[in-house]
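Take a look at the structure set out below.
Throughout, read-outs are computed from the coordinates displayed, never taken from laboratory work. Everything quoted here is computed from the prediction, not taken from an experiment. Backbone-built Cβ (ideal geometry, glycine too); neighbour counts: all protein chains shown.
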């Protein structure tokens, strides 16, 4: 939309945030409005900045693991995995098969958590009074109970270790996951019935916030947002990290890349995650849950650097580590998907309503712990 | 039936009891006529106020409980039995909170706005017939009075938004004005159909004409069902309820016109909103659902005001249910819906009502009027599907 | 690898394209879902998952971890397993552990902590201290009702507060504790055997060491001052 | 699928003969070797790898502070441009979404850590660098010439230092929480003497 604004006094400058109900934390958007139309939008970050990278550079490799839980606190286990993967690349550690399966199960459960919670959040942004959020959290709770049973904590799992996982599956855990997976399909059906056909939701979300696929790739957008625009780029398929090449699953692709597609892609992704989970539970082998050669105390990777990345629920989560042979990383860099996915926020929102900007932000699915680090 | 003949304690006349007691006592004390009538009037007004204040308190709890249940929660259950004392706790909290006035606010208007939002709601409640014998102020032009008073609400909402001297309230006020003005039109037009058929603006008279079973209610006529539906949607919009709660729009503009209010002024906004909700839902019941009329003849033993409040409760419950389910519309969609769908459809009910009025109730008029209102609906449905309906989509899957 | 030639067009829920949709049907579907939840939340445990906390409590998993505690054997907290090696202090991510080694008047390590403080307002419950401890001395507790009105001293747990008996550990995590006890027992037996073998040799060495030790006290005094 | 940095170097050399580009071998087991690009040629190389080699996705931009250049050489060795003093470095990780290859690791260095810490901005080639370059500017103090909106992003605007540099000294008042031990307490006591004791 190209509109000439000569009289800047006509514009209403509104600061959405940092305390605002739908900025998903302490995020701030400085918006200029013409009536209710957004003509300028500048995101402001840093309210939750704690210099995670600096802390990690002053700590041992293992000590950073619990801090990764706090990056994207909705899905700590994928963060754990990304960090463990990067360190394993850096130090050349093998991961036993059983641990890989455990990681896949946990990562896909995390994806379920994230996407389910996303449904609730986006509906909250659209003004549905919390019903979807409560249903989502009800189901999320069940997965969190499983996490608590396995890792000892509901959110701050701190579970992956370099070369495996911290402890083995408790007795009966695998069966519990099986029951959960069976119960999840009906829940998704109900959720779809609740949301996807709803005319208000359709008219709110369709044709809102779309950008050409090339722009998205160039802007570094990853994850469901990119795939909603029809770009088939899922790191589980591209890098085939872990043991993802053993599972049969598909990558859902949208056509327009608007908010509606982003919602739908996440729905479809959850169904694919359920497929992966079913296969992983069936195939889970016996064996070591951690590489017996991996050391917990006094871990010093050789000199070198490594960039490891996984397909987090929000996009490409990467860790760039540089080791100088000491117990502390020389450089520890997080490639946070929610932060980089915000790059094109302004482009998506220009010319649309204030209410649209809110749901576009919601559809990017950010977590401020990761954006500000 | 003259006043003296009716038994004092009949359930039908229970709501009038305080008024009649006061009048009787005063008359026996030999008070002058004017004092008796004024006192009686004030007591009658207080009765209505007391009833609806209680209902407001109850609704604030019931709304939270209902929403909670719809969301698989329990809702407030700590204050008293089933949380019955929660409204009291809320009231005390609101009263004891600090009242913050923004530095750039227009102080006088900022103070007046919450008062002015309660006032019209109370006034409007005065003209609604709650029972056969219970109409606080049986005005000849009751409907006109209702709308005249009801449109004051817009003014106070805008006053609140403007006087706050802040941006979110301003945006909320802008939204409120455009929304309420737009939805007032179909609201009044559909009510006009009822007026045409009934031939009166007096609300008790309109209810009286709907007697004799639910098939006599206005909503059970071919034009009435359309008008009633439109009216219902408009009441939601007028009451700023979800999915038309844009003036508050808590996910976008924080709390709209109420953003800069706190303490008791905020509570007054809530009270005004709930009382307005009772008034507008009461009007809907009166105009279309037969007011205090029993749904079936032969239910004369039940006091009529119970029927009214039962219907009111149902209508309000439907509001709650909708609130638990729907997302909010966007402002342009809301306006388009009002001007492109609601108003033309509302206008169409007028000729339909006119034809119905002149042809009288009967199978023939059903056959004439029904197509008149049905055809536009089908047209809208088709157009909606062809043009306006959001596209259905298919999704590809990549295997690699 | 080739670009995504494997894009197989597939049908996806929930709407078939071209289906004639009654306007508002989706809205009623939504109402049906909330209505069902509204009714079922009165009797369906699957839907109404709320636990009324102080009266009822959700079961705690045996793996649940909260803040660390120190294990002592027997009945006295003087028998802490902790030898004040400070490994946990070094590995602790938020650096909330503070250990001072207890020494006797000669400055010789007594292999137990004089001060062992954990600032639980800083602790992030990660469990790394328990993981790195080579002496099975520190484990994660499951106690969670720790509210206090003293933000500083009330949230600083000293040795006395942290110390809990091995029985407590056994009650809290029977599997882990019994494994630990079995391992410690085996180690002790091994150590006892080794010690018995060593004792003879040590006795022989003792005489010569004593002679060397006599020469040292002067230095140590200087160091203390 | 990983890429062979040598091949990329050869193809870049073939197309752009004047470009300063050196291979840096990674001694670690990850085998992610990198290419060090001269500052003047960075944009050209970026554009070339994007358009000709289909590396259309700039995933990650890392800033690194090397006060000791020997350390930098240890991590990414055998190249020229051996710097006599410390410098700041930016590492780019590129991937190809169409060919599904990557990461291609490119590096660029500033001349030193004090006056000449400029690197050309690649935002005109890759939008995804926009916030990441701002972050590096904020935390490391590398000035990206040609960046459309180079402001601090995570720290507040009035903040003076660059906290991710290795020689950054934290202010003594950053966290007043009387933790009963350690440096924080000491710092708190020096900063707020009235609370001492």
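Calculated from the alpha-carbon coordinates, the stretch C:68-165 shows an Rg and a Dmax of 13.2, 42 Å respectively. Sort the stretch B:290-400 into rounded, prolate or oblate with this rule: let a ≥ b ≥ c be the square roots of the eigenvalues of the Cα gyration tensor; rounded if a/c is under 1.5, and if a/c is not under 1.5, prolate when a/b is larger than b/c, oblate otherwise. Oblate, since a/c reaches 1.5 and b/c is not below a/b. Whole-percent P(r), the stretch B:101-385, all Cα pairs, 5 Å bins from 0: 1, 6, 12, 16, 17, 16, 13, 9, 6, 3, 1, 0, 0, 0. Oblate is the label for the stretch B:218-370, because a/c, from the alpha-carbon gyration tensor with a ≥ b ≥ c as root eigenvalues, is 1.5 or above and a/b does not exceed b/c. Using a cutoff of 8 angstrom between alpha carbon atoms and counting only pairs six or more residues apart, the relative contact order for the stretch C:68-165 works out to 38 percent.
Counting neighbouring beta carbons within 10 Å and listing from fewest to most, the residues A:141, A:175 come out as A:175, A:141. Computed over chain B, relative contact order equals 20 percent, with contacts defined as Cα pairs under 8 Å that lie 6+ residues apart. Annotation: the residues A:241, B:358, sorted from fewest to most other C-beta atoms within 10 Å of their own C-beta, follow the order B:358, A:241. Here D:100, A:295 are placed in order of increasing Cβ neighbour count within 10 Å, fewest first, which gives A:295, D:100. Put the Cα centre of the stretch C:89-125 next to the Cα centre of the stretch D:1-21 and the gap is 54 Å. Shape of the stretch C:52-98 from the C-alpha gyration tensor: oblate (a/c of 1.5 or more and a/b not above b/c, with a ≥ b ≥ c the square roots of its eigenvalues). Computed over chain A, the range of Cα coordinates on each principal axis works out to 68, 47, 33 Å, biggest value leading. Counting only alpha carbon atoms, the long axis of helix A:97-126 and the longest principal axis of chain A meet at about 20°. With just the Cα atoms defining each centre, how far is the stretch D:145-172 from the stretch B:216-244? Give it in Å. After rounding, the separation between the Cα centres reads 59 Å.
Helix A:354-364 versus the longest principal axis of chain A: what angle, 0 to 90°, nearest 10, using Cα atoms? So the helix axis and the longest Cα principal axis differ by about 20 degrees.
Compute the acute angle (0 to 90°) between the alpha-carbon long axis of helix A:76-91 and the principal axis of greatest extent of the alpha-carbon atoms of chain A; round to the nearest 10°. The angle comes out near 60 degrees. Note on the stretch D:5-166: Rg/Rh from Cα positions, Kirkwood definition for Rh, rounded to two decimals, is 0.95. Every helix of 4 or more DSSP H residues in the protein assembly as shown counts as -39500 (n - 2.57), and over all residues that averages to -15000 deg cm²/dmol at 222 nm. Our note on the geometry: Cα centres of the stretch B:103-137 and the stretch B:29-68, 13 Å apart.
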